[in-house]
Amino acid sequence: MDIAVHRPGELSAADRATWTAMQSKAHLHGVPELANPFLSPEFTLALDRYRRGVRVAVVREDGEPVAFFPHQRSATGVGRAVGLGVSDSQGLVHRPGFGWDARELLRACGLAVWEFDHLAQGQEAFGSGVTGTFPSPVIDTADGYEAYLAHLRKNAPKFLRTTLAKERKLIRSVGELKYVHDERDPAALRTLMRWKSAQYRRTGRSDRFTQSWIIGLVDHLFHTRTPSFAGLLSVLYADGRPIAAHFGPRSEKIMCCWFPSYDPQFAKFSPGLLMHLRIAEAAAADGIAYIDLGRGQKAYKDSLKTREIMVSEGWMMRRHPVALGHWAHRAPLRALRNSVVERPELFEPADKMLKRIGEFRSGRFRN
């Protein structure tokens, strides 16, 4: 087994084509998660424009590429999953049946440690580094939109009735709805970013759109179009006015929910939920197998989902002082965060506190 590490832009066209072909056939080999757009060469190439240390390890057997391992590394050998913190799927893309030694891979990449927080299913070689596994809700669309609606009628009938009733009320109150699945107007993307920034502040969260690299990455992906990848902006309009939007990447078979938001003036109509139903309908028509809603506890995800896949977090480490130092710094913070997020009795008061902070920020606080 030969392992060579490259900058993303140094990959040959043949290597990128092989990487894409592995993803395209992943569902045929029983590893559909490898087709996730966050594992695509397009996402890694885009991130390389905005973040330092992005690399791709290419594993070859008999001169032919059998696996691709995108990662980020620091000068001291601290490794991270590509896009850690914004990527919803991480790991090694490989041919069926390929096995690897994780520590040998890290050694070849010059990494003392590799940190991940959304490790895809089926990455057993990294299993000894997993510290937690969490559900990521999905919407199955492979059998068509009517099959999805039938699922909702059976499993979430009140949710579906209420949501459709709000849609009818919205049409009566505001005007006809129009959904654009692949909106190409950059102004609509800017509107979504403004909504999302306001939502982050309103709920006391860190505003990701104050970070120039995230703005640059989203804008770059918006303009990325290949046969196997696209950054997709979807917008729901009411009487010609945008009321909800979502931006996220899609591959041939998987669409990822990344940055959804809506105009709070229309909150009583649940425009975000209406938009997600339209997204599911269009995704089914496009041949998407499922929509990944992303890890995290949200009531709307529980209502929309058909099932869950699992993602893992943790650190794969070699025996190295840098690895131990990184783990000692990061592990307590992550453990504290997870203990709050995964336990309702802790999460609910913490969430309320963040919202109060958001009210202070926006000047809306009342005793």
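The values are calculated or read from the model by the stated rules, or taken from the named source; none is laboratory data. The shown structure was predicted, so the numbers you read here are calculated from the model rather than taken from an experiment. Cβ: placed from backbone, ideal geometry, glycine included. Neighbour counts: every protein chain shown. Side chains included, ligands, DNA and RNA excluded: accessible areas come from the protein's heavy atoms. Shrake-Rupley method; radii C 1.70, N 1.55, O 1.52, S 1.80 Å.
Side notes on the structure shown:
- Residue under evaluation Ile291, criteria (1) in a strand (DSSP E or B); (2) more than 15 Å from the chain's Cα centre (by Cα), criterion not met: (2)
- Test for Lys196: is it among the charged types (D, E, K, R) and either open to solvent by less than 40 Å² (accessible area, probe 1.4 Å) or assigned to a strand (DSSP E or B) (or both): yes
- Scanning the stretch 238-251 for residues that are crowded, with 20+ Cβ neighbours inside 10 Å and not basic (Lys, Arg) yields Ala238, Pro242, Ile243, Ala244, Ala245, His246, Phe247, Gly248, Pro249, Ser251.
- Options Arg205, Arg201; residue that is touching a residue at least 12 places away in the same chain (Cβ under 8 Å), part of a loop (DSSP other than H, G, I, E, B), under 30 Å from Leu217 (Cβ atoms) and open to solvent by 60 Å² or more (accessible area, probe 1.4 Å): Arg205
- Residue selection: Pro70 fails the criterion of being assigned to a loop (DSSP other than H, G, I, E, B) and in contact (Cβ under 8 Å) with a residue 24 or more places away in the chain.
- Qualifying residue in the stretch 18-34 (condition: part of a loop (DSSP other than H, G, I, E, B) and in contact with a Gly (Cβ under 9 Å, 6 or more places away or on another chain)): yes
- For Lys298, the conditions (1) under 17 Å from the mean Cα position of the chain (by Cα); (2) modelled with pLDDT of 95 or more; (3) of a type outside the set (A, V, I, L, M) all hold with the exception of (2).
- Residue within the stretch 169-181 that is of a type in the set (A, V, I, L, M, F, W, C), at pLDDT 95 or above and part of a helix (DSSP H, G or I) present: yes
- Per the listing Gly77, Gly9, Gly30, the residue uniquely open to solvent by 20 Å² or more (accessible area, probe 1.4 Å), at pLDDT below 95 and out of contact with any Lys or Arg (no Cβ under 8 Å at 6 or more places or on another chain) is Gly30.
- Filtered residues of the stretch 73-101 (kept if assigned to a loop (DSSP other than H, G, I, E, B), within 20 Å of Ser40 (Cβ to Cβ) and of a type in the set (Val, Ile, Thr)): Val82, Val86
- Residue in the stretch 37-50 that is in contact (Cβ under 8 Å) with a residue 12 or more places away in the chain, loosely packed, with under 14 Cβ neighbours inside 10 Å and assigned to a loop (DSSP other than H, G, I, E, B) present: yes
- Given (1) among the acidic types (Asp, Glu); (2) surrounded by 21 or more Cβ atoms within 10 Å (Cβ to Cβ); (3) not in a loop (DSSP other than H, G, I, E, B), number of the condition Glu104 does not satisfy: (2)
- Flag for Leu111 being out of contact with any Ser or Thr (no Cβ under 8 Å at 6 or more places or on another chain), in a loop (DSSP other than H, G, I, E, B), of a type outside the set (Phe, Trp, Tyr) and open to solvent by less than 60 Å² (accessible area, probe 1.4 Å): yes
- Only one of the listed residues (Ser339, Ser362) is modelled with pLDDT under 95, of a type in the set (S, T, N, Q), open to solvent by less than 50 Å² (accessible area, probe 1.4 Å) and more than 28 Å from Leu164 (Cβ to Cβ). That residue is Ser339.
Residues checked against (1) within 20 Å of Ile243 (Cβ to Cβ); (2) surrounded by 21 or more Cβ atoms within 10 Å (Cβ to Cβ):
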{"site": "Tyr262", "(1), (2)": "yes, yes"}
{"site": "Gln265", "(1), (2)": "yes, no"}
{"site": "Met275", "(1), (2)": "yes, yes"}
{"site": "Lys298", "(1), (2)": "yes, no"}
{"site": "Met310", "(1), (2)": "no, no"}
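- Failed condition for Tyr148, given (1) surrounded by 18 or more Cβ atoms within 10 Å (Cβ to Cβ); (2) of a type outside the set (Val, Ile, Thr); (3) touching a strand residue (DSSP E or B) at 6+ places or on another chain (Cβ under 6 Å); (4) not in a loop (DSSP other than H, G, I, E, B): (3)
- Residue within the stretch 200-212 that is at negative phi and in contact with a strand residue (DSSP E or B) (Cβ under 6 Å, 6 or more places away or on another chain) present: no
- Hits in the stretch 85-108 (condition: under 12 Å from Phe68 (Cα atoms) and either touching a residue at least 40 places away in the same chain (Cβ under 8 Å) or of a type in the set (Phe, Trp, Tyr) (or both)): Gln90, Gly91, Val93, His94, Arg95, Phe98, Trp100, Leu105
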